[in-house]
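**Student:** This is the structure I want to talk about, given as structure tokens.
The values are calculated or read from the model by the stated rules, or taken from the named source; none is laboratory data. Everything numeric in this text was worked out from a predicted model, so none of it was measured. To get the accessible areas, we keep the full protein, side chains included, count just its heavy atoms, and leave off ligands, DNA and RNA. Shrake-Rupley method; radii C 1.70, N 1.55, O 1.52, S 1.80 Å.
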Amino acid sequence: MAIPTYSVVSVMSYSPLAGIRRATGVPMVLLKDADERNATFRAVDAQLTGLTKQPDPKRRLEFGFWALDNAPSPELKDRVPLEVMIVHYVRTLPAWPTLGHSPALNIVTLDWPVDGGYEIRAFLVGTDEPMPPEQLRFFYEQQRELVKIEISSRMPAVRQ
């Protein structure tokens, strides 16, 4: 089954320690390529694997977060293809085939460092309008309140 067509697709990434990592719109074709796993998707997948030395999309995304956290300049941070890494990762999630119809799709990742990598929480949120980036902090805090205490106790507080 093909995924729905959205008028707006936004990819947003937030860390309670680093703040907003990325908040941008992406073309619908990026989602369609990922959904179909077509030649374009496979070529980009091979590029990302070569770049990160990680064939697993989740490990590649962790590498992307690490690269952002350790980039010596804003220009180098901007060169990390985080939005593509995120789309490739969420394509592997069980929620992908259940994407619903809505005007806007917000792909949101929340991350924080853990031993040996990053904890990643990903959300595919359909809304009438794109989620404003300023809402990401509150989205994180809301998710922190909704999860079990064993999980929320490992989620860092937001840096002011």
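**Student:** Enter the mean projected area of the convex hull around the alpha-carbon atoms of the stretch 19-89, in nm², rounded to one decimal.
**Tutor:** On the way: hull surface 19.2 nm².
Mean shadow area of the hull around the Cα atoms is 4.8 nm².
**Student:** Now for a different question. Need the list of lysines near residue 77 for cross-linking: C-alpha distance under 27 angstrom, and skip anything on the same chain fewer than eight residues off.
**Tutor:** Here the lysines satisfying the reach criterion relative to residue 77 are 32, 53, 58.
**Student:** Let me ask you something else. Report Rg/Rh for the stretch 1-57, rounded to two decimals, where Rg is the Cα radius of gyration and Rh the Kirkwood radius.
**Tutor:** Working: Rg = 13.7 Å, Rh = 13.2 Å.
On the Cα set of the stretch 1-57, Rg over Rh gives 1.04.
**Student:** Out of the total accessible area of the stretch 1-134 (probe 1.4 Å, heavy atoms of protein only), what percent is carbon and sulfur?
**Tutor:** Details: 3770 of 6690 Å².
Percent of accessible area from carbon and sulfur atoms in the stretch 1-134: 56.
**Student:** Related question: With contacts defined as alpha carbon pairs under 8 Å and 6 or more residues apart, what's the relative contact order of the chain in percent?
**Tutor:** On the way: 223 pairs, mean separation 49.4, N = 160.
After rounding, I find 31 percent.
**Student:** Who wins for biggest fluctuation among 81, 133, 94 in a Gaussian network model of the chain, springs between alpha carbons below 10 Å?
**Tutor:** Fluctuation is largest for 94.
**Student:** Please report the accessible area of residue 75 (heavy atoms, 1.4 Å probe, ligands and nucleic acids excluded) in Å², nearest 10.
**Tutor:** Solvent-accessible area, nearest 10 Å²: 120 Å².
**Student:** Here's another thing I want to ask about it. Could you work out the helix-only [θ] at 222 nm for the chain, with each DSSP H run of four or more residues adding -39,500 (n - 2.57) and the total divided by the number of residues, to the nearest 500 deg cm²/dmol? Spell out each step's value before the answer.
**Tutor:** Working: 7 runs with 66 residues, N = 160.
My calculation for the chain gives -12000 deg cm²/dmol from helical runs alone.
**Student:** In the P(r) worked out for the chain, what percent of Cα pairs fall beyond 25 Å?
**Tutor:** On the way: 3637 of 12720 pairs.
Within the chain, distances greater than 25 Å cover 29 percent of Cα pairs.
**Student:** Follow-up. Could you give log10 I(q)/I(0) at q = 0.24 Å⁻¹ for the stretch 91-137, computed by the Debye formula over C-alpha point scatterers of equal weight, without solvent?
**Tutor:** Each listed q corresponds, in turn, to -0.95.
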